[in-house]
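The values are calculated or read from the model by the stated rules, or taken from the named source; none is laboratory data. All figures in this text were calculated on a predicted structure; none of them were measured in a lab. Here the Cβ is made from the backbone with ideal geometry for all residues, glycine too, and neighbour counts use every protein chain on show. When the accessible area is computed, the model is the full protein with side chains, heavy atoms only, and any ligands, DNA or RNA have been set aside. Shrake-Rupley method; radii C 1.70, N 1.55, O 1.52, S 1.80 Å.
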Amino acid sequence: MLRLPLFVFCSFAAASALAWPTKPVTFIVPYPPGGGTDVIARIYQEPLSKQLGQPIVIENRGGAGGSLGTGVATRANPDGHTLLCTLSSHTINPVIYPNLTYDTERDLRPISQVASLPQLFAVNPATPYKTFAELVEYMKRNPGRLDYASVGIGSPSHIAGELLKMRLNGFMVHIPYRGGGPAVAATMAGDVPLLIVSIPAAMGQVRAGRLRPLAVSTRKRTSILPDVPTVAEATGLKDFEVDSWYALFAPAKVPDEVISRMNHEVVTVAARPDVKAKLLEQGAEAVSSTPERLGKMVSHEIEEWRAVVKRAKIEGE
């Protein structure tokens, strides 16, 4: 039996990884077609396909708040031809769903962020709140008399509302809806005075004057609504941030060379003016990162949201 030296096997493995991809690459999107994550993935689909020299196939595997499709991605062949494109609920799910079939940090390798957008705090124009400071003042003076709409239990908008309550020692009543559309409609109808939702879900109504934007949840203002202050600016809560980000991950055993190559291509595509423009149309901004930075962000957010979920007693549906 012929025995090859170890370095020969290593060379074969490295050469195979460097030749990646050798067939179409599948992006598992753990949400239904037409949703924000699906739209973001499709904006990157064509330019990344050209960079890689292979088609990218979008496979929607919705269900269980994104955890179903994420579980499928963790069990995929770790040859780099199946990746996960998901959003920031990725760091909320392990906190509110204790019986996930995977470990969020151990079973996935971070590649790069691809986009970012804030949660928007907006009100029905018929309400008396002209600024976020006025809204906060009412909440603090009238505990439990201010309702807010979110897009669902455990969503980034729900987390943003509960984090605001915690940091300001105030109290609002959470009214969960099943998605951005119903939450926006309820706010415009006057059923709920305050809406917390991602910008794409509300932007059309903001432009039409049917919703009044008061603040955004990120550390920096968004170029989409440059005149709208951040929560930190409006309240003095300098560490307040809920960033609705989108990112790529790979199964845990995907080789380093694949992670490095894919990260390079994402960084290249995210810098393209046409990609930035398409994302901006959706209310998002192009963002890229190193795998290390994304990994640290995931770890930090899981612990931060754990504290919020525990204090707010949030349980997954």
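Looking at the chain, send over the antiparallel percent of its DSSP beta bridges, to the nearest 5.
DSSP beta bridges in the chain are roughly 60 percent antiparallel.
Which whole number in µm²/s is D for segment 123-175 by Stokes-Einstein, with the Kirkwood Rh taken over Cα pairs at 25 °C and 0.890 mPa s?
214
What accessible area per residue, rounded to a whole number of Å², is obtained for segment 36-126 using a probe radius of 1.4 Å?
With the other protein chains kept in place, segment 36-126 gives 35 Å² per residue.
Tell me the mean residue ellipticity at 222 nm calculated for the chain from its helices only (DSSP H runs of n ≥ 4, each -39500 (n - 2.57), averaged over every residue, nearest 500).
-13000 deg cm²/dmol, from helical runs alone.
Taking the Cα centre of the chain as origin, work out the dipole magnitude from +1 charges on Lys and Arg Cβ and -1 charges on Asp and Glu Cβ, in debye rounded to 20.
The dipole of the chain has a size of about 220 debye.
List the pairs from K165/K238; K253/K296; K253/K276; K220/K296 whose alpha-carbon separation is above 26 Å, in the order I gave them.
Values: K165/K238 15 Å; K253/K296 19 Å; K253/K276 31 Å; K220/K296 20 Å.
Pairs exceeding the cut-off: K253/K276.
Could the peptides 114-125, 191-202 be put in order, highest first, of the mean number of other beta-carbon atoms found within 10 Å of their residues?
Those peptides, ordered most packed to least, come out 114-125, 191-202.
Express in whole angstrom the spacing between the alpha-carbon centres of segment 165-232 and segment 295-317.
Taking the Cα centre of each part, segment 165-232 and segment 295-317 sit 21 Å apart.
For labels at R210 and K296 in the simple 7 Å Cα→Cβ model, what's the distance in nm?
4.3
At a Cα cut-off below 12 Å, give the aspartates and glutamates reachable from K23, other chains included and same-chain residues fewer than 8 away excluded.
Result set, ordered by chain and number: D79.
Taking all protein chains as present, what is the carbon and sulfur share of the accessible area of the chain, in % to the nearest whole number, probe 1.4 Å?
54
Provide the per-residue ³J(HN,Hα) series for segment 244-259, in order, calculated from phi with Karplus coefficients 6.51, -1.76, 1.60 and θ = phi - 60°, each as a whole number of Hz, with x at glycine and proline positions.
Rounded to whole hertz, the list is 7, 9, 10, 7, 9, 9, 10, x, 4, 9, 5, x, 4, 4, 5, 4.
Indicate the gyration tensor shape class of segment 14-119 (rounded, prolate or oblate), computed on the Cα atoms with a ≥ b ≥ c the square roots of the eigenvalues: a/c under 1.5 is rounded; otherwise a/b larger than b/c is prolate and the rest oblate. Write out the running numbers ahead of the final one.
Working: a/c = 1.98, a/b = 1.36, b/c = 1.46.
In terms of gyration-tensor shape, oblate.
Can you find, among T290, L280, V309, the residue farthest towards the positive end of the dipole of segment 274-317? Put +1 on the C-beta of Lys and Arg, -1 on that of Asp and Glu.
Checking the options against the dipole of segment 274-317, the answer is V309.
Using packing as a proxy for protection, rank 178-184, 308-314 so that the peptide with the highest average count of other Cβ atoms within 10 Å comes first. Spell out each step's value before the answer.
Numbers: 178-184: 17.7, 308-314: 14.7.
Descending mean neighbour count gives 178-184, 308-314.
What does the convex hull of the Cα atoms come to per residue for segment 239-317, in Å³?
145
By how many degrees, between 0 and 90 and to the nearest 10, does the Cα long axis of helix 36-52 differ from the longest principal axis of the chain?
30
Computed from the coordinates I sent, P(r) over Cα pairs in 20 Å bins from 0, in percent equals one of (i) 22, 42, 29, 7, 1, 0; (ii) 32, 53, 13, 2, 0; (iii) 33, 61, 6, 0. Tell me the label.
Identified label for the calculated read-out: (ii).
Compute the accessible area per residue over segment 132-285, keeping the other protein chains in place, probe 1.4 Å, unit Å².
Per residue, segment 132-285 has an accessible area of 42 Å².
Assign unit charges at the C-beta atoms only (+1 for Lys and Arg, -1 for Asp and Glu), then state the dipole size of segment 195-285 relative to its Cα centre in Debye, rounded to the nearest 20.
300
What are the semi-axes of the equivalent ellipsoid for segment 99-149, taken as the square roots of 5 times the Cα gyration tensor eigenvalues, largest first, in whole Å?
Values: eigenvalues 290, 54, 18 Å².
Each semi-axis is the square root of five times an eigenvalue, giving 38, 16, 10 Å.
Cα centroids of segment 249-290 and segment 63-96: how far apart, whole angstrom?
The two parts, judged by their Cα centres, are 17 Å apart.
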